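Here is the structure we will look at.
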Amino acid sequence: MELALGNFLTFQNHDGTDISKFQNFFVKESVDGYSFVPFGFSGITVNRKGDNVDATLVFPNNALSRSWVSSAVTDMWLAKVEVRLLDPDDRTSSELMHTYVGQVSDGGWNDTTVNLVVNTILDAVQGRVPARNLTKNLVGSLPTSSGVRLG
């Protein structure tokens, strides 16, 4: 049995309505409502501070993809990418490996590709999530000496 990775992408507006559903593995086929579109997903990039958790979606540059990329950026669509382990011979069989959910924050195109930058909605630095104070109720009593042992 041969296994492969495929990406299943859902674009949604802010009220949770699906705008488009794409998959990039089964060429010229629709699988569970996901139409085939050749696209790439970069995964995520994290720096040591944890403040950059971006992903990139790459589509071929053509009139069709350019027609909606501006809306995706200006309306800040949500993108949900499911990375799945697939059996090329069985379209009904897949195993979810990873899910990435983010908001389209930037985009553009060059001669060959259309790129969308997707920021995670869990980015505490860019999202200005309020700081949390550590209290005794949250973490218990703090040690009073440097002789702490894990055991």
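The values are calculated or read from the model by the stated rules, or taken from the named source; none is laboratory data. Worth saying up front: this structure is predicted, and the values here are computed from it rather than measured. Glycine also receives a Cβ, built like all others from the backbone with ideal geometry; neighbour counts cover every protein chain displayed.
Within the range 113-133, identify whether any single residue is under 30 Å from residue 30 (Cα atoms), surrounded by fewer than 10 Cβ atoms within 10 Å (Cβ to Cβ) and modelled with pLDDT of 75 or more, and answer yes or no. Walk me through how you get there before you give the answer.
Let us first name the residues in the range 113-133 that are under 30 Å from residue 30 (Cα atoms), namely 113-121.
Restricting the remaining residues to those that are surrounded by fewer than 10 Cβ atoms within 10 Å (Cβ to Cβ) gives none.
Checked the range 113-133: no residue is under 30 Å from residue 30 (Cα atoms), surrounded by fewer than 10 Cβ atoms within 10 Å (Cβ to Cβ) and modelled with pLDDT of 75 or more.
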Q | Answer from 79, 63 - the residue that is at pLDDT below 90 and out of contact with any Cys (no Cβ under 8 Å at 6 or more places or on another chain) | A | 63
Q | Pairs where the first residue, in the range 1-22, is under 16 Å from residue 90 (Cβ atoms) and at pLDDT 90 or above and the second is basic (Lys, Arg) and surrounded by fewer than 18 Cβ atoms within 10 Å (Cβ to Cβ), C-beta under 9 Å, 6+ apart | A | 8/80
